[in-house]
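Novice: Supplied in structure tokens, the structure appears directly below.
The values are calculated or read from the model by the stated rules, or taken from the named source; none is laboratory data. Values in this document were obtained by computation on a predicted structure and should not be read as measured data. Virtual Cβ from ideal backbone geometry, glycine too; neighbours counted across all protein chains shown.
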Amino acid sequence: MITKYIFGDPVETGAVTAAVEDVSGVARFQVERDKGGIAFRLPLGARDVVYGLGETMGRVNKRGGRYISFNTDTADHEDSNPSLYASHNFLVVDGEAAFGAFFDTPARVVFEIDYQGSGEIYVHCDTQDLRLYQIESDTALGVCRELIAAVGRCYLPPLWAFGYGQSRFGYAAPEDFRKVADGYQKNSLPLDYICMDIDYMEGYRDFSFNQKNFPDIGAFVSEMGSRGIRLVPIVDAGIKVEPGEAVYEEGVRGGYFCRNKEGGFFKAGVWPGMTHFPDFLNTRAREWFGGLYKFYTDAGIEGFWNDMNEPAIFYSEYAKGLKNPLYQLILGMLPGKRRKEKKARELLRDYKSFFHDMDGRRLRHYDVHNLFGAMMTRATSEGLERLLDHRFMLFSRSSYIGANRYGGVWTGDNSSKWEHLRLNVRHMPSLNMCGFLYSGADTGGFGGNCTRELLLRWLAFSVFTPLMRNHTSKFTQNQEAYSFGDVEDFRTVLRLRYRLLPYIYSEYMKAALTADMYIKPLSFVYPEARGIEDQLLVGDSLMIAPVVIEGALSRRVYIPEDMTEVRYNGEFTCRPVSKGEYTVEVGLSEVVFYIRPGKLLPIGKIISNTREYDVSDLTLLGDGETYELYTDDGLTRDCTLENIRVLRK
Ligand code: GLC
């Protein structure tokens, strides 16, 4: 059961689309108002587990931590960092009964969950105006399903978006993309798309292609398309201030940009230099921005990643002297912590210095900050819906609950560290709890140099995440799957992804169409496994136990009930395993996972691309009797449960 409590005069975030009854009073929380906003308190039972918060640091069980919803461009994915790129203000308390709370406000929110042993949940919203949704259910999974249903139907990517993609900050010219395509195809490594990072642009301007490199982008899209590879360009939030340029001029004429304190258009320095931010909270500006993607769709492009939409600001018009090299030098010499604090202070000043026109309501950016990226995703998604007659790929860096109706997310600038592989494993169930099914991390890590072993283990996990993209930064060593000597092991793991696609695609589509999670913590089905956060349930049939420790050739695996162990090393080997706990050997050239009792796993043939996707002759592994396969042409918008075919063993 879901109920809504309204405080003050909240901004319409659009997060919840279902009709939910308003109730007065607040059943669960003790409420305290202060000058800065409203605080909510709730005592916790000693054994209660607290889930939720989507893309945050910390464990899957949020107890003991302090987290701040304030969307931030940060490569600092460490536990001391309270804010990442997204705000997912949803908590689930799993105790004697299960209970959930979604604090629906785009303002800054602080969560302290049994922080320093307080024994309570303390939530402080930096506003007097919000909606609070409370959900009562029998189980934590039930609570999450209610929230996901209330938010509305999750984004449905095309089939090819479940393929494997390669990306790198630095690919610039057609030769770079051809080299990647050759590297994969000559080595018989499957690949579906290559991402184009900002170097495809002219002067880092959105909606432009470097003229020297791409005089005829349509021809290049066709060339790659004929090899079965799609191009997925990045689009940043800011529009370069450049008089004479059509997009800039249109934005100025239409008044589509956020305004500064003086009433002009706010200027923020990002990749292209000074930019204006489209006012994504304004319906007309959203329509305008979404329509701009015609530039790409006309060239045959149907996949995008939206970036820098927290929004990231390197410096602003109010940061006098910041572009002065001497100032930069002094800034660079300040110790890390002080530099960070200074940067944070400047960002706060900037976020308080510009304004939105939410269809007649003037709002200070700071007060609605966490909605910006979500509304960019919405603008893009609605634009693409108008421009195309079928499904498209879209994922964003910044998000807010509800944005999952419009696109997916990736978890930003992680590093090639084992801890960040483990963070990826923890993020996936937490993101799914908040409805973000189409998600994944930069496989192999964005910053730093990845080792062969780390990439193999990371890929072996990403095999199960809907978004499976290898991405790295400009200044790192090559990270493509063919860059580490012998490709055989990489071939095995990438082929496994494609052989599992009938399952991954079916489970994703069924979860999205029935308001369910695709990846769940083990404890959502096996409550005794509450402490185990490095094993996950993927879809309805599988349990995974990825190897996430450097140098490990085996790991402990908890088997909560009798299951079928599947070992893939080019061939599938199945054997029954009984309930219990075991040390399981997992060599670098194999992937091991488990089929739950009474369930089946459909397996396809080896393919090199989703163009060869074929479900006419699937093998069924496991001891179940039937499997519900979701099939369509991978592009249609007509996605219903009627597209399910029952396969029998
Ligand atoms: C940001 C993105 C990263 C991208 C880079 C350059 O750091 O998070 O993925 O490669 O910008 O566009």
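Novice: Does GLY435 satisfy being within 15 Å of the ligand (Cβ to nearest atom) and either outside the structural domain of GLY14 (by TED's automatic domain parsing) or buried (at least 24 other Cβ atoms within 10 Å of the Cβ) (or both)?
Specialist: Working: within 15 Å of the ligand (Cβ to nearest atom): no; either outside the structural domain of GLY14 (by TED's automatic domain parsing) or buried (at least 24 other Cβ atoms within 10 Å of the Cβ) (or both): yes.
When the stated conditions are applied, GLY435 does not pass them.
Novice: On to the next question. Just to be sure, is TRP418 over 12 Å from the mean Cα position of the chain (by Cα), buried (at least 24 other Cβ atoms within 10 Å of the Cβ) and over 18 Å from ILE234 (Cα atoms)?
Specialist: no
Novice: Right, next: Please go through the stretch 1-25 and pick out each residue that is surrounded by 12 or more Cβ atoms within 10 Å (Cβ to Cβ) and within 20 Å of ASP138 (Cα to Cα).
Specialist: ILE2, THR3, LYS4, VAL20
Novice: Output the residue which, of all residues in the stretch 483-532 that are surrounded by fewer than 18 Cβ atoms within 10 Å (Cβ to Cβ) and assigned by TED's automatic domain parsing to the domain that holds ALA181, is nearest to ALA181 (Cα to Cα).
Specialist: Among residues in the stretch 483-532 that are surrounded by fewer than 18 Cβ atoms within 10 Å (Cβ to Cβ) and assigned by TED's automatic domain parsing to the domain that holds ALA181, the one nearest to ALA181 (Cα to Cα) is SER483.
Novice: So, in the stretch 462-512, exactly how many residues are more than 16 Å from the ligand (Cβ to nearest atom), under 21 Å from the mean Cα position of the chain (by Cα) and more than 17 Å from ALA161 (Cα to Cα)?
Specialist: Final tally of qualifying residues: 0.
Novice: Among the residues of the stretch 315-336 satisfying the criterion of being part of a helix (DSSP H, G or I) and either of a type in the set (Gly, Ala, Ser) or at pLDDT 80 or above (or both), which is nearest to VAL270 (Cα to Cα)?
Specialist: Step one: list which residues in the stretch 315-336 are part of a helix (DSSP H, G or I), which gives 325-333, 336.
Still in the list and also either of a type in the set (Gly, Ala, Ser) or at pLDDT 80 or above (or both): 332, 336.
Details: GLY332: 18, GLY336: 21 Å.
Selected residue: GLY332.
Novice: Now for a different question. Is there any pair with a first residue in the stretch 155-171 that is surrounded by fewer than 24 Cβ atoms within 10 Å (Cβ to Cβ) and a second that is modelled with pLDDT under 95 whose Cβ atoms are under 6 Å apart and which are 6 or more apart or on different chains, and what are they?
Specialist: Here the result reads PHE169/LYS474; GLY170/LYS474, each pair linking the stretch 155-171 to a residue that is modelled with pLDDT under 95.
Novice: Looking at (1) more than 16 Å from the ligand (Cβ to nearest atom); (2) closer than 30 Å to ILE532 by Cβ; (3) free of Cβ contacts under 8 Å to residues at least 60 places away in the same chain, can you tell me which one MET57 breaks?
Specialist: If we test MET57 against (1) more than 16 Å from the ligand (Cβ to nearest atom); (2) closer than 30 Å to ILE532 by Cβ; (3) free of Cβ contacts under 8 Å to residues at least 60 places away in the same chain, just (3) comes out false.
Novice: Checking the condition within 16 Å of the ligand (Cβ to nearest atom), surrounded by 15 or more Cβ atoms within 10 Å (Cβ to Cβ) and of a type in the set (Gly, Ala, Ser), which residue from ALA237, ALA285 passes? It would help to see each step written out before you state the result.
Specialist: On the way: ALA285 fails: within 16 Å of the ligand (Cβ to nearest atom).
Step by step, each of ALA237, ALA285 is checked, and only ALA237 is within 16 Å of the ligand (Cβ to nearest atom), surrounded by 15 or more Cβ atoms within 10 Å (Cβ to Cβ) and of a type in the set (Gly, Ala, Ser).
Novice: Within the stretch 534-554, which residues are touching a residue at least 60 places away in the same chain (Cβ under 8 Å) and part of a strand (DSSP E or B)?
Specialist: Once the filter is applied, which keeps residues that are touching a residue at least 60 places away in the same chain (Cβ under 8 Å) and part of a strand (DSSP E or B), the stretch 534-554 yields LEU536, VAL538, LEU542, ILE544.
Novice: If you don't mind, there's one more thing I want to ask. Any chance you could count how many residues in the stretch 555-585 are touching a residue at least 60 places away in the same chain (Cβ under 8 Å) and surrounded by 19 or more Cβ atoms within 10 Å (Cβ to Cβ)? Spell out the reasoning first.
Specialist: To start, the set of residues in the stretch 555-585 that are touching a residue at least 60 places away in the same chain (Cβ under 8 Å) comprises 568-570.
Those left that are additionally surrounded by 19 or more Cβ atoms within 10 Å (Cβ to Cβ): 568.
The qualifying residues number 1.
Novice: Name every residue in the stretch 184-203 that is within 14 Å of the ligand (Cβ to nearest atom) and under 17 Å from THR472 (Cα atoms), in order of residue number. Give the derivation first.
Specialist: Quick first cut of the stretch 184-203, residues within 14 Å of the ligand (Cβ to nearest atom) only: 194-201, 203.
Selection gives ILE194, CYS195, MET196, ASP197, ILE198, ASP199, TYR200.
Novice: Ok, one more. Kindly indicate whether any position in the stretch 34-54 is among the acidic types (Asp, Glu), within 28 Å of ARG364 (Cβ to Cβ) and in contact with a strand residue (DSSP E or B) (Cβ under 8 Å, 6 or more places away or on another chain).
Specialist: First, pick out the residues of the stretch 34-54 that are among the acidic types (Asp, Glu): 34, 48.
Next, only the ones that are within 28 Å of ARG364 (Cβ to Cβ) stay: 34.
Then keep just the ones that are in contact with a strand residue (DSSP E or B) (Cβ under 8 Å, 6 or more places away or on another chain); that gives none.
Within the stretch 34-54, not a single residue is among the acidic types (Asp, Glu), within 28 Å of ARG364 (Cβ to Cβ) and in contact with a strand residue (DSSP E or B) (Cβ under 8 Å, 6 or more places away or on another chain).
Novice: Checking the condition free of Cβ contacts under 8 Å to residues at least 60 places away in the same chain, surrounded by 19 or more Cβ atoms within 10 Å (Cβ to Cβ), on the phi < 0 side of the Ramachandran plot and not in a helix (DSSP H, G or I), which residue from PHE99, PHE111, PHE103, PHE40 passes? So that I can check it myself, show each step before the final result.
Specialist: Numbers: PHE99 fails: free of Cβ contacts under 8 Å to residues at least 60 places away in the same chain; PHE103 fails: free of Cβ contacts under 8 Å to residues at least 60 places away in the same chain; PHE40 fails: free of Cβ contacts under 8 Å to residues at least 60 places away in the same chain.
After applying the criteria, what remains is PHE111.
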